[in-house]
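To keep things clear, I will list the structure first and then write my remarks on it.
The values are calculated or read from the model by the stated rules, or taken from the named source; none is laboratory data. Values in this document were obtained by computation on a predicted structure and should not be read as measured data. With ideal geometry, Cβ positions are generated from the backbone for all residues, glycine too; neighbour counts draw on all protein chains shown. Surface areas here come from the heavy atoms of the whole protein model, side chains and all, with no ligands, DNA or RNA. Shrake-Rupley method; radii C 1.70, N 1.55, O 1.52, S 1.80 Å.
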Amino acid sequence: MSGVVAKARVEKAGMTNLYHSKTAQWAVYAVFFVAVGVVPLITSDSFLLNQFAVYGVYAMLAVSISLGWGFGGILNLGQGIAFGLAAYGMGMTMQMQSQDPVSSPIPPFMLNNSLDHLPALWVPFSNTTLGIILALAVPTLFYVIFGTLVFAARVSGPFIAIMTLAVLSALNTLIIDMQPYTNGVNGLTPPSPLKLFGADIDPYGATSYWIVFGLLVLTTCGAKLLTQSKFGLVTQALRGDPERVRFLGYNVAVYETVIYAISGFIAAVAGCCFVMLVQYVSPAQLDTNFSIGMVIWVGIGGRFSLIGSIIGALMIQGGQSYLGDQFLNSWLLVLGGFFILVVRFLPKGLAGLLETVLGMVGTRRRSSPLPQAAGAADMPSQ
Amino acid sequence: MGVLEIHHLSKNFGGTQVINDFSLKITELTLCCLVGPNGAGKTTTMDLISGRQKPSSGQIVFRNDDITGLGEHEIARRGIGRKFQVPAVFRDLSVRHNLEVAFSRETNPFRNMMHRKPKGLREKLDEVLQLTGLGSRLETEAGVLSHGETQWLEIGMVLMQNPSILLLDEPVAGMTESEIENTIKIFNRLKKTNTLIVVEHDMAFVREIADVVTVMHMGSLLAQGTIGEVEADPRVRDVYLGDPED
């Protein structure tokens with residue numbers, strides 16, 4: 001009995017791959033977040049600060065996709081549903097903040113569309129707290145309901161991808177069609193920044209950067225803890241074989257719905273932050289290209305790694321901002337080619353490449369004549 | 001009184017009668033081998049008990065509870081564990097994680113978010129490792145295990161569930177002689193504390209482990225008894241075992 005345990009320990013020591021060490025993983029998170037966190041102390045370029053904060057939003061989206069796809073096996077091509085709905089909720093809240101109940105009770109674009117009073121849909125957004133709660137709750141609830149229906153029917157794999165894409169596309173069309181309520185293709189452009197607790201949150205200031213940064217740290221670490229819990233282990237098991245998980249006594253549909261809804265909630269947080277930063281929301285946030293783009297970031301960065309997915313998002317979006325100008329129209333070709341290369345040669349993305357490299361380093365160290373390595377070599381032969 | 005009772009079970013797939021008025025009683029702490037020619041309905045019977053398929057008619061009673069037609073996870077929670085014909089382990093997870101997932105005392109997703117190492121896991125893990133001898137492979141990815149080890153891992157996963165009944169579909173298929181011998185030892189230890197139903201073709205293996213042998217043919221019960229009685233039965237020799245004189 002104790003022999004078995006001792007043997008297990010030796011084997012564990014022998015199998016060291018730094019990539020799988022939880023301490024090393026959290027250390028990488030700490031370094032990353034400290035590096036990102038000091039940006040406002042280094043630069044006072046408000047344009048740059050705003051752009052980096054928007055990257056923070058993309059990073060949150062990458063975390064949400066990695067959680068659902070990498071850890072839950074749900075290939076979601078419609079994350080714009082949660083992102084877009086939340087963005088509209090936030091846009092409506094900010095729009096109502098700049099309306100005056102007496103002198104201008106309804107947004108100007110509604111007057112142009114011959115509405116003479118505020119539609120019921122908009123009324124709750126007159127209250128900032130309620131508006132933000134709704135912006136987060138409505139998409140999450142939508143994911144809970146959609147997830148319950150789809151996962152209880154045991155829809156999986158590519159069919160989920162098609163259905164999420166179809167819903168996203170339908171929602172996009174719906175928002176464009178509801179011109180009097182949404183201002184159609186033009187979207188909402190709240191004239192003034194978000195006011196929280198009586199203060200303006202300047203989208204180009206350090207405060208808004210810190211808000212996004214704080215939420216990114218919270219959502220990423222929360223997601224990381226989730227993947228390390230028993231819950232996360234069950235979702236990683238059902239990613240490979242949902243059928244088998246059922247026979248262990250877990251209700252697979254419930255697990256899938258929960259991780260899908262959590263992923264949606266994180267995307268909703270990202271949606272709110274986005275509108276706070278750019279003071280603008282339009283059907284472009286529910287564009288299918290954008291949602292598929294998120295999956296590409298995560299595929300390239302490595303969907304089994306939250307931080308890898310974040311790096312993927314930063315690389316692609318950063319590349320688009322800086323290299324996109326040089327490549328102009330051929331940027332999409334460059335991106336597509338890169339994606340094909342990664343899928344073909346690095347199915348686990350760049351994070352998978354790191355895992356392989358660290359694994360090789362670990363093996364080389366083991367094959368050198370260390371006493372521990374010699375012990376490990378003797379043991380398994382029984 | 002049987003721990004598991006099957007009453008007049010029938011199942012047809014689009015007009016083809018696969019299980020035909022099949023009844024069976026399993027006594028506590030026995031190992032019952034289910035044998036029969038290909039297409040006799042052995043695996044289908046396992047599927048019907050574990051909820052993978054719903055019976056066309058008939059009743060399955062487990063510890064005086066009617067479990068006919070319940071969902072797979074509900075049946076599993078009541079204490080019926082299942083190992084599949086083609087070993088089904090989580091190939092991209094380590095052996096340790098495979099066994100941890102299978103430790104399913106707590107199935108509520110929200111409560112499972114709160115802890116990493118549930119109570120009782122360590123003891124159960126040690127117990128299962130001791131039985132299956134997979135201790136040296138704990139951190140290995142399950143996908144790279146040998147065929148025999150994969151079979152043992154899946155048996156270990158079923159044991160982690162702490163089931164009252166284990167349904168094991170062809171547990172020694174594809175194993176080497178020495179691996180089979182090891183498995184015989186495991187099973188003879190298991191049947192002291194568990195009730196087992198084993199589907200198996202290997203009659204030498206059946207002879208070593210079975211308390212009761214149930215022979216199925218064309219979806220019905222053909223014969224039941226000790227291995228000696230069954231092997232002496234001319235009907236069984238006719239449809240399944242063949243005549244030893246040949």
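Among the helices (runs of 4 or more DSSP H) confined to the range A:296-362, the ones with at least 1 residues that are open to solvent by less than 60 Å² (accessible area, probe 1.4 Å) and more than 18 Å from A:Tyr55 (Cβ to Cβ) are located at A:331-345. Taking first residues from the range A:182-203 that are under 10 Å from A:Met94 (Cβ atoms) and partners that are part of a strand (DSSP E or B) and open to solvent by less than 30 Å² (accessible area, probe 1.4 Å), the Cβ contacts under 9 Å between residues at least 6 apart in sequence or on separate chains come to A:Leu188/A:Val281; A:Thr189/A:Val281; A:Pro190/A:Val281. Scanning the range B:131-169 for residues that are closer than 15 Å to B:Val101 by Cα and not in a loop (DSSP other than H, G, I, E, B) gives B:Glu141, B:Ala142, B:Leu153, B:Glu154, B:Ile155, B:Gly156, B:Met157, B:Val158, B:Leu159, B:Met160. I'd like to know if the range A:92-109 contains one or more residues that are without any contact (Cβ under 8 Å) to a residue 12 or more places away in the chain, assigned to a helix (DSSP H, G or I), among the aliphatic types (A, V, I, L, M) and open to solvent by 40 Å² or more (accessible area, probe 1.4 Å). The answer is no; no qualifying residue exists. Elements of the type helices (runs of 4 or more DSSP H) sitting completely within the range A:149-261 and holding at least 2 residues that are farther than 30 Å from A:Gly56 by Cβ: these cover A:158-177, A:179-182, A:230-240, A:242-246. Does the range B:55-67 contain at least one residue that is on the phi > 0 side of the Ramachandran plot, in contact (Cβ under 8 Å) with a residue 24 or more places away in the chain and in contact with a strand residue (DSSP E or B) (Cβ under 6 Å, 6 or more places away or on another chain)? Yes: one or more hits.
Does any residue of the range B:141-163 turn out to be within 24 Å of A:Asn251 (Cβ to Cβ), more than 8 Å from every other protein chain (Cβ to nearest Cβ) and touching an Asp or Glu at 6+ places or on another chain (Cβ under 7 Å)? No; the residues of the range B:141-163 include none that is within 24 Å of A:Asn251 (Cβ to Cβ), more than 8 Å from every other protein chain (Cβ to nearest Cβ) and touching an Asp or Glu at 6+ places or on another chain (Cβ under 7 Å). Taking the listed residues A:Tyr58, A:Tyr29, the one that is over 26 Å from A:Val275 (Cβ atoms), of a type outside the set (A, V, I, L, M, F, W, C), in a helix (DSSP H, G or I) and at pLDDT 90 or above is A:Tyr29, with no other qualifying.
B:Asn38 meets the conditions (1) more than 14 Å from every other protein chain (Cβ to nearest Cβ); (2) in contact (Cβ under 8 Å) with a residue 12 or more places away in the chain; (3) surrounded by fewer than 15 Cβ atoms within 10 Å (Cβ to Cβ); (4) not small (Gly, Ala, Ser) in every case but one. The failed one is (2). Selection of the range B:138-166 for residues being among the acidic types (Asp, Glu) and crowded, with 18+ Cβ neighbours inside 10 Å yields B:Glu139, B:Glu149, B:Glu154.
Does the range B:167-180 hold any residues that are within 12 Å of chain A (Cβ to nearest Cβ) and open to solvent by less than 10 Å² (accessible area, probe 1.4 Å), and which are they? Walk me through it before giving the result.
Step one: of the range B:167-180, the residues within 12 Å of chain A (Cβ to nearest Cβ) are B:167, B:169, B:178.
Listed by number, the residues that qualify are B:Leu167, B:Asp169.
Restricting B:Arg116, B:Arg91, B:Arg105 to residues that are more than 7 Å from chain A (Cβ to nearest Cβ) and either free of Cβ contacts under 8 Å to residues at least 60 places away in the same chain or of a type outside the set (A, V, I, L, M, F, W, C) (or both) narrows the list to B:Arg105.
Checking each residue in the range B:171-185 for being within 14 Å of the chain's Cα centre (by Cα) and either modelled with pLDDT under 90 or not polar (S, T, N, Q) (or both) picks out B:Pro171, B:Val172, B:Ala173.
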